[in-house]
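Here the structure is laid out as structure tokens; the discussion comes afterwards.
Coordinate-derived values only; no laboratory data. All values derive from a computational prediction rather than experimental measurement. Reconstructed Cβ throughout: ideal geometry from the backbone, glycine too, with neighbour counts over all protein chains shown.
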Amino acid sequence: MVSKNRIEEFIRVDHAGERGAVKIYEGQLLALNTLVKDEELKKKIEEMKVHEVEHCQFFENEIKKRNIKPTKFLPLWDLLGVGLGFGSTLLGKKAAMLCTASVEEVIDKHYLDQINQLGPEEKELKKKITKFRDDELDHKDIAYEEGATKKGFYSVMDKIIKTGSKIAINISEKI
């Protein structure tokens, strides 16, 4: 059985992560609505953002319902998320889609780890995280279909995004 403290960490970090995903897409849409014109990419990002908002709202409700303090780093994650989304989109469609793919690859492993730890006492939470993981895997597939690549410079970008995501996860679980 997973401890109450560990469940709180799961919910705190998942709330921060889903909110971060919303902010990344908001940054990408900001770039697409101002400096970069790509209506097809904008439509894809808007569609993926709908899932992230749904995920974020679920964890927002869990935080309130279970009286869990969100991470103290939310304002910083918000800023970094918008910046990452905006910056990756300025670099072009491949970079914007790699941003999604890189984050989703980290989240896939993160959610799978949680799913494997959750027992029958948290059946509903496990069911939601499983559904959200499936959504994230769909986003990763869409990103690769839309041109995400890890060739050349993009391999460095992939490592930076993944490292940043892992650091944010570790911090958000505890603080």
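Can you pull out every residue in the stretch 139-169 that is closer than 11 Å to Glu105 by Cβ and not in a helix (DSSP H, G or I)?
Ala148, Lys150
Could you go through the stretch 54-63 and let me know if any residue there is surrounded by fewer than 21 Cβ atoms within 10 Å (Cβ to Cβ) and not in a helix (DSSP H, G or I).
There is no residue in the stretch 54-63 that is surrounded by fewer than 21 Cβ atoms within 10 Å (Cβ to Cβ) and not in a helix (DSSP H, G or I).
Just checking, how many residues over the stretch 69-97 are hydroxyl-bearing (Ser, Thr, Tyr), in a helix (DSSP H, G or I) and either more than 18 Å from Lys159 (Cβ to Cβ) or in contact with a Pro (Cβ under 9 Å, 6 or more places away or on another chain) (or both)?
Qualifying residue count, the stretch 69-97: 1.
Please work out which residue is surrounded by the most Cβ atoms within 10 Å (Cβ to Cβ), limiting yourself to the stretch 154-172 and to residues that are of a type outside the set (S, T, N, Q) and farther than 24 Å from Asp78 by Cβ.
Among those that are of a type outside the set (S, T, N, Q) and farther than 24 Å from Asp78 by Cβ, it is Tyr154.
For the stretch 16-51, which positions are part of a helix (DSSP H, G or I) and either hydroxyl-bearing (Ser, Thr, Tyr) or without any contact (Cβ under 8 Å) to a residue 40 or more places away in the chain (or both)?
Tyr25, Asn33, Thr34, Glu39, Glu40, Lys42, Lys43, Glu46, Glu47, Lys49, Val50
Within the set of pairs 6+ apart or on separate chains, which have a first residue in the stretch 104-129 that is within 18 Å of His51 (Cβ to Cβ), a second that is hydroxyl-bearing (Ser, Thr, Tyr) and not in a loop (DSSP other than H, G, I, E, B), and C-beta atoms under 8 Å apart?
From the stretch 104-129, the pairs are Val106/Ser165; Ile107/Ser165; Tyr111/Thr130; Ile115/Thr130; Ile129/Tyr111.
Determine whether Glu52 is farther than 24 Å from Leu32 by Cα and not β-branched (Val, Ile, Thr).
No: the conditions fail for Glu52.
Identify, by number, the condition in (1) among the basic types (Lys, Arg); (2) over 18 Å from Gly20 (Cβ atoms); (3) surrounded by 13 or more Cβ atoms within 10 Å (Cβ to Cβ) that Lys151 doesn't meet.
(3)
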